[in-house]
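K.L.:
So that we are looking at the same thing, I have put the structure below in structure tokens.
The values are calculated or read from the model by the stated rules, or taken from the named source; none is laboratory data. Since the model is a prediction, treat every value here as computed from it, not as a measurement. Here the Cβ positions follow ideal geometry from the backbone for every residue, glycine too, while neighbour counts run over all protein chains shown.
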Amino acid sequence: MPRQVRRRRTPEAGTRERLFAAAAAEFAARGFAGANVDRIADAAGVNKAMLYYHFDSKASLYGEVLRDMFQAVADRLAARTAPGADPADRIRTLVEVIAQEALARPHFPPIWLREIAEGGAHVDRDTMAVVGRILQHVFVAVEEGVKARRFRPVQPLLVQLGIVGPLLMFFATAPLRRKAPPGMARAVDLPVDEVIAHVQRVALLTLEAKR
């Protein structure tokens, strides 16, 4: 049998991952303008020169944090969606994938909500290209559903906004919900699976044509 070669994780890769994690936390807490590269380097246990060795600038580091989420969603959608997939399943998959990737990145919802409030001032073309891949998934789902007379004609962007908005708010408000008075704890303690199912139902209700 051929000998299996095990790839070793290099110290450089570990440093880059620590810087990425520290930057994600810093951007989530303070936004792009308030983030400080010295704090990021300190949190990662390296000096600022090492940060600039791995990332050209604070802007490029911020861009990588943003693209990481969108790239993960786009790649998983591509992997889980076969050509000719059922339009309703496309929508369900989109909701599930966005929720799962946001759950894995608690820094992302507050970063993206702040970026939206600032008019996408720091979103570069590379990031928008990846966002376009995700939007294309929605456009195809709506178009094929309408052709099959299963969906009513709806602007696909409205569908996307109706999915992303509730999911972002759910994850971004997690720290706030943990501050709820004891009497309200059960009302605000929502399981992720329940939220996913709810957003899927609402999205499909807005799309499904009347029989």
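K.L.:
Tell me yes or no: at least one residue of the range 193-206 is part of a helix (DSSP H, G or I), over 24 Å from residue 133 (Cα atoms), of a type in the set (Gly, Ala, Ser) and assigned by TED's automatic domain parsing to the domain that holds residue 115.
P.N.:
No, that holds for no residue.
K.L.:
Can you tell me which condition residue 145 does not meet? The list is (1) small (Gly, Ala, Ser); (2) within 29 Å of residue 176 (Cα to Cα); (3) crowded, with 19+ Cβ neighbours inside 10 Å, and all the others hold.
P.N.:
(2) is the only condition that residue 145 fails.
K.L.:
Can you pull out every residue in the range 99-112 that is in a helix (DSSP H, G or I) and crowded, with 18+ Cβ neighbours inside 10 Å?
P.N.:
99, 101, 102, 108, 109, 110, 111, 112
K.L.:
Say whether the condition of being crowded, with 17+ Cβ neighbours inside 10 Å, assigned to a loop (DSSP other than H, G, I, E, B) and either among the acidic types (Asp, Glu) or in the same structural domain as residue 175 (by TED's automatic domain parsing) (or both) is met by at least one residue in the range 65-84.
P.N.:
Yes, because at least one residue in the range 65-84 is crowded, with 17+ Cβ neighbours inside 10 Å, assigned to a loop (DSSP other than H, G, I, E, B) and either among the acidic types (Asp, Glu) or in the same structural domain as residue 175 (by TED's automatic domain parsing) (or both).
K.L.:
Return a yes/no flag: does the range 173-180 have any residue that is surrounded by fewer than 10 Cβ atoms within 10 Å (Cβ to Cβ), outside any helix (DSSP H, G or I) and assigned by TED's automatic domain parsing to the domain that holds residue 133.
P.N.:
Yes: one or more hits.
K.L.:
Test residue 145 against the criterion of being in a helix (DSSP H, G or I) and in contact with a Phe, Trp or Tyr (Cβ under 7 Å, 6 or more places away or on another chain), and give yes or no.
P.N.:
Yes, satisfied.
K.L.:
Just one of (1) assigned to a helix (DSSP H, G or I); (2) free of Cβ contacts under 8 Å to residues at least 24 places away in the same chain trips up residue 115, so point out which.
P.N.:
(2)
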